[in-house]
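What follows is one structure encoded as C-alpha cells, with my remarks underneath.
Here, each number is a calculation from the coordinates, and none is a lab measurement. All figures in this text were calculated on a predicted structure; none of them were measured in a lab. Positions of Cβ are backbone-derived with ideal geometry, glycine not excepted, and every protein chain shown enters the neighbour counts.
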Amino acid sequence: MRMFKRYVPKLIAKHVSRLFSGRIYIDGRGGYEFNNGMLLVPIKAQQRHFQTVNEVNQEIKRLKECSL
C-alpha cells in the first residue's frame, strides 16, 4: 500500500499505471484500490471519491496517449 501525503493526480496516475494493481491511501481523500491500471471507486463512496477517481483516471488516459 502506497500512502500519498498530498493529492497530486499526475503523481498518483504514474504510480497506478506502473504497478497495475494494488491499494493506495491519499490523506484527506481516503483509501482506494486499483486494478488493470485504473483507479476503482470504493464501496460506500462519497462525491469526493467519485471526483478523485475521475481526475486520476483522466490523467492515466493522458499518460497512455502520450506514450503511444
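Observations on the structure shown:
- The region of the chain that goes longest without hitting one of the trypsin sites (Lys or Arg not before Pro) in a DSSP loop, each with at most 11 other Cβ atoms within 10 Å, is 7-43.
- Karplus-based coupling profile of the range 28-43, in residue order and whole Hz: x, 10, x, x, 9, 10, 9, 8, 6, x, 10, 6, 9, 6, x, 5, with θ = phi - 60° in 6.51 cos²θ - 1.76 cosθ + 1.60 and x standing for Gly or Pro.
- Tilt relative to the chain, helix 9-19 - C-alpha long axis, 0 to 90 degrees, to 10: 70 degrees
- For the chain, the Rg and Dmax computed from alpha carbons only, in angstrom: 11.0, 35
- Sparse packing (at most 12 other Cβ atoms within 10 Å of the Cβ) combined with a DSSP loop state is found for the following chymotrypsin sites (Phe, Trp or Tyr not before Pro) in the chain: 20.
- By the rule of a C-alpha distance below 16 Å, with chain neighbours fewer than 8 residues away ignored, the aspartates and glutamates paired with residue 64 are 55.
- Angle between the chain longest axis and helix 47-67 axis [Cα atoms, degrees, rounded to 10]: 10 degrees
- Check: the chain dipole with +1 on Lys, Arg Cβ and -1 on Asp, Glu Cβ, in debye: 160 debye
- Given their separation in residues at 0.36 nm each and the Cα-Cα distance between them, residue 47 and residue 6 gain 12.9 nm when the chain is fully extended.
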